[in-house]
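J.: Input: one structure, supplied below.
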Amino acid sequence: MSVPVIEVERLRKQYGERTAVADVSFSVNEGEIFGILGPNGAGKTTTVECIGGLRRADGGRLRVLGLDPVGDRSRVVAELGVQLQHSELPPNLKVGEALRLYSSFYERPADWRELLEVLGLGPQAGTRYGKLSGGQQQRLSIALALVGNPRVAILDELTTGLDPAARRDTWELIESVRDRGVTILLVTHFMAEAERLCDRVAVIDTGRVVALDTPAELTARLDVQQRIRFVPSVPIEDSLLSELPEVESVSRRGDEVLVVGGADALAAVAARLARQGVLAHRLRVEQPSLDDAFLAITGRDEVADPGPRVRPLRHDR
Amino acid sequence: MTTVAYPAPTPAPAPAGAMAVRRRAFWLLARTEALLFFRNAGSVVWTALLPIVAVVVLGIVPGTRHASRSFGGLSPLQVYVPILMMYVFLMAAVNMLPAVLSSYREKGVLRRLSTTPVPPGRLLGAQGLIYLGLGVVIDVVILVVATVCGAPAPRQFGGFVVSLLLVAAATLGIGMLITAIAKTERIANALGLVTFFPLMFFAGLWIPRDKMNVPLRTISDYSPLGAGVRALQASIAGHWPPTAALLVLAGYAIVCGFAASRMFRWE
Ligand SMILES: Nc1ncnc2c1ncn2[C@@H]1O[C@H](COP(=O)(O)OP(=O)(O)O)[C@@H](O)[C@H]1O
Ligand SMILES: [Mg+2]
């Protein structure tokens, strides 16, 4: 692999007394979708704002395409597209005007009309920003981040506040942007989003990287329990299953039996039921997800503040 | 959004050269901001329409053209033309500019700009340029209407233009200071109004300067628009404006502009 597109080494950033980023290191390779995952207030936005040159780091070393985001500002901004978390446009500015204006800032811009079509905003070219839906505003924001034809794009919480359909559309869009060769640094607090899109994920909590791996590895590394639910065809005793070494606990909710156990619990439970001639109706098994991995890593019970309108996709428990 | 494919970019035209790109970007920025100004009916009415209507009414009403004792030997039209001309600059710089810029700051427009090759300072420049241009155009209209209606044209024209430009600089300085102090658009609006009325008062909008008692007149002399009226009236009468008045105007421009540049926050 060649030189990383983004290098972050021991980044530190304080706001007065408060340390927003304590110690963050990672590097993003060319063509990758790299995720930064973490609860609200973890320091994700601060990290990417330092990478984007919007804030001066208090410590550590940052490189974007081998350049210093603050010192080589003029060269970095030409190659880096940024979609900020809290950033609107004037309400009376029309979509087409915004894209045309921002494309004029670059020496080699993308064709903004084409971008408009690609993002599904063609019919809205003459619509004022204030009249767009949340999803349309987000897509415009992505379009503005891409209109300069950047080699690297930073997208901060771009699906927060979108409905599930708009979110899935946005995911597809991001994948197609990556397929075009743009390296993407994606900030999110949705597990499902990271699981679906990211090649690698850095989990940040209280200003530190607490895990860095592929979503699959993060999940697999966990020794998280399986949760098996079913309704037995004939009544069974709890002890029938609880005596199995693979099973940790057995509980009931109405007819339904919930068995919690280790990685091999399902096989053991299935064998025991089969031997007794019991059928398991409505069998469901909950596998650990990145969600669980996240909870285990950060020790948090809840992904803090999921945003005003949507909650992160969570598994039923 | 059914088909989401991000095609290879169409071959970009040869790089136009950094300078040319920057210049074009600035003009497009200024044009866009001007467009947004005209889309805001309130701004257009208050800054452009109102003073023009006022001067037309003053010009048409017969009584206002004649010298009057209560206006210190000048006609009401003559007294109010400089005040109206300054009103345009004050309205634009103190009531419009801070509200627009602080809403841009609040909404993250300035921060978004800082991620592009165009620094947000350009937006401030574009806004200043628009309000300056707007003030000049409206003031030319006011002056033409007034002259047609019989007000004397400024006889010391050079001094008149210098005075008016200093009024523009002083009001822009005050407006930028308000923008720097105000954390939100609401505060900017409130500060704008709180600044606007006293300054118009000391310009003589409600009590002509000639009717003010000595303490009021002294305050007026040191207020930006009071100094502005002195300078403009002198040049209309054919004298070079008093140095003290020009210094007061320049002082406001420099002190407020400097303070604003030290205190300005981009976010
Ligand atoms: N401009 C700021 N001034 C002071 N504190 C800030 C500022 N921005 C963020 N913080 C604080 O820094 C911490 C990290 O914030 P942020 O980077 O926005 O986290 P995230 O994006 O992960 O939610 C939080 O405790 C937040 O309150
Ligand atoms: Mg954030």
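J.: Output the residues belonging to the stretch B:210-222 that are surrounded by fewer than 20 Cβ atoms within 10 Å (Cβ to Cβ) and without any contact (Cβ under 8 Å) to a residue 60 or more places away in the chain.
T.: Hits for the stretch B:210-222 are B:MET212, B:ASN213, B:VAL214, B:PRO215, B:LEU216, B:ARG217, B:THR218, B:ILE219, B:ASP221, B:TYR222.
J.: Still on this structure, please answer the following. Could you please find all residues in the stretch A:190-213 being surrounded by 23 or more Cβ atoms within 10 Å (Cβ to Cβ) and at pLDDT below 90?
T.: A:PHE190, A:MET191, A:GLU193, A:ALA194
J.: Right, here's the next one. Can you pull out every residue in the stretch A:55-69 that is surrounded by fewer than 20 Cβ atoms within 10 Å (Cβ to Cβ) and either within 16 Å of ligand 2 (Cβ to nearest atom) or not aliphatic (A, V, I, L, M) (or both)?
T.: Listed by number, the residues that qualify are A:ARG56, A:ASP58, A:GLY59, A:GLY60, A:ARG61, A:ARG63, A:GLY66, A:ASP68.
J.: A follow-up question, please. Tell me, yes or no, whether the stretch A:120-138 has at least one residue that is in contact with a Leu (Cβ under 8 Å, 6 or more places away or on another chain), of a type outside the set (Val, Ile, Thr) and facing another protein chain (nearest Cβ under 8 Å).
T.: no
J.: For the subset of the stretch A:103-119 comprising residues that are within 8 Å of another protein chain (Cβ to nearest Cβ) and under 27 Å from A:ASP163 (Cα atoms), which member is modelled with the highest pLDDT? Lay out the reasoning, then the answer.
T.: Keep residues of the stretch A:103-119 that are within 8 Å of another protein chain (Cβ to nearest Cβ), which gives A:104-111, A:114, A:118-119.
Pick out the ones that are also under 27 Å from A:ASP163 (Cα atoms) and you get A:114, A:118-119.
On the way: A:GLU114: 90, A:VAL118: 83, A:LEU119: 84.
Residue satisfying both the conditions and the ranking: A:GLU114.
J.: Given the condition of a type in the set (Ser, Thr, Tyr) and more than 12 Å from chain A (Cβ to nearest Cβ), answer yes or no: does some residue in the stretch B:35-51 qualify? Spell out the reasoning first.
T.: Applying the first criterion (of a type in the set (Ser, Thr, Tyr)) to the stretch B:35-51 yields B:43, B:47.
Now restrict to residues that are more than 12 Å from chain A (Cβ to nearest Cβ): B:47.
Yes, the stretch B:35-51 contains at least one residue that is of a type in the set (Ser, Thr, Tyr) and more than 12 Å from chain A (Cβ to nearest Cβ).
J.: Next question, about the same structure. More than 14 Å from chain B (Cβ to nearest Cβ), within 16 Å of ligand 2 (Cβ to nearest atom) and at negative phi: which single residue out of A:ALA194, A:ALA220, A:ALA211 fits that description?
T.: Values: A:ALA220 fails: within 16 Å of ligand 2 (Cβ to nearest atom); A:ALA211 fails: within 16 Å of ligand 2 (Cβ to nearest atom).
So the residue among A:ALA194, A:ALA220, A:ALA211 that is more than 14 Å from chain B (Cβ to nearest Cβ), within 16 Å of ligand 2 (Cβ to nearest atom) and at negative phi is A:ALA194.
J.: Which condition breaks for A:SER233 when tested against (1) surrounded by fewer than 18 Cβ atoms within 10 Å (Cβ to Cβ); (2) under 17 Å from the mean Cα position of the chain (by Cα); (3) among the small types (Gly, Ala, Ser)?
T.: (2)
J.: Here's another thing I want to ask about it. Just to check your reading of the model, which residue among A:ARG151, A:ARG167 is touching a residue at least 12 places away in the same chain (Cβ under 8 Å) and surrounded by fewer than 18 Cβ atoms within 10 Å (Cβ to Cβ)?
T.: Details: A:ARG167 fails: surrounded by fewer than 18 Cβ atoms within 10 Å (Cβ to Cβ).
Unique residue meeting the criteria: A:ARG151.
J.: Which residue out of A:VAL231, A:VAL203 is within 16 Å of ligand 2 (Cβ to nearest atom) and touching a strand residue (DSSP E or B) at 6+ places or on another chain (Cβ under 8 Å)?
T.: Just one listed residue meets the conditions, A:VAL203.
J.: In addition: Has the stretch A:79-97 got at least one residue that is closer than 30 Å to A:LEU295 by Cα, in contact (Cβ under 8 Å) with a residue 24 or more places away in the chain, touching a Lys or Arg at 6+ places or on another chain (Cβ under 8 Å) and away from chain B (no Cβ under 14 Å)?
T.: Checking the stretch A:79-97: not a single residue is closer than 30 Å to A:LEU295 by Cα, in contact (Cβ under 8 Å) with a residue 24 or more places away in the chain, touching a Lys or Arg at 6+ places or on another chain (Cβ under 8 Å) and away from chain B (no Cβ under 14 Å).
J.: Take the stretch A:51-63 and flag every residue that is within 13 Å of ligand 1 (Cβ to nearest atom) and either within 14 Å of chain B (Cβ to nearest Cβ) or not in a loop (DSSP other than H, G, I, E, B) (or both).
T.: Within the stretch A:51-63, A:ILE51, A:GLY52, A:LEU54, A:ARG55, A:ARG56 qualify.
J.: In addition: Are any of the residues in the stretch A:133-142 over 29 Å from the mean Cα position of the chain (by Cα) and not β-branched (Val, Ile, Thr)?
T.: no
J.: Name the single residue, out of those in the stretch A:8-50 being within 14 Å of chain B (Cβ to nearest Cβ) and assigned to a helix (DSSP H, G or I), that is nearest to ligand 2 (Cβ to nearest atom).
T.: Selected residue: A:THR45.
J.: In the stretch A:32-50, is there at least one residue being away from ligand 1 (no atom under 16 Å from the Cβ) and either of a type in the set (Lys, Arg) or out of contact with any Asp or Glu (no Cβ under 8 Å at 6 or more places or on another chain) (or both)?
T.: Of the stretch A:32-50, the ones away from ligand 1 (no atom under 16 Å from the Cβ) are A:32-33.
Now restrict to residues that are either of a type in the set (Lys, Arg) or out of contact with any Asp or Glu (no Cβ under 8 Å at 6 or more places or on another chain) (or both): none.
Taking every residue of the stretch A:32-50 in turn, none turns out to be away from ligand 1 (no atom under 16 Å from the Cβ) and either of a type in the set (Lys, Arg) or out of contact with any Asp or Glu (no Cβ under 8 Å at 6 or more places or on another chain) (or both).
J.: Let me ask something else. Which of the residues that make up the stretch A:156-169 are within 12 Å of chain B (Cβ to nearest Cβ) and either closer than 21 Å to A:VAL28 by Cα or within 16 Å of ligand 2 (Cβ to nearest atom) (or both)?
T.: A:ASP156, A:LEU162
The values are calculated or read from the model by the stated rules, or taken from the named source; none is laboratory data. None of the values given here were measured: they were computed from a predicted structure. Note: ideal-geometry Cβ built from the backbone for every residue, glycine included; neighbour counts use all protein chains shown.
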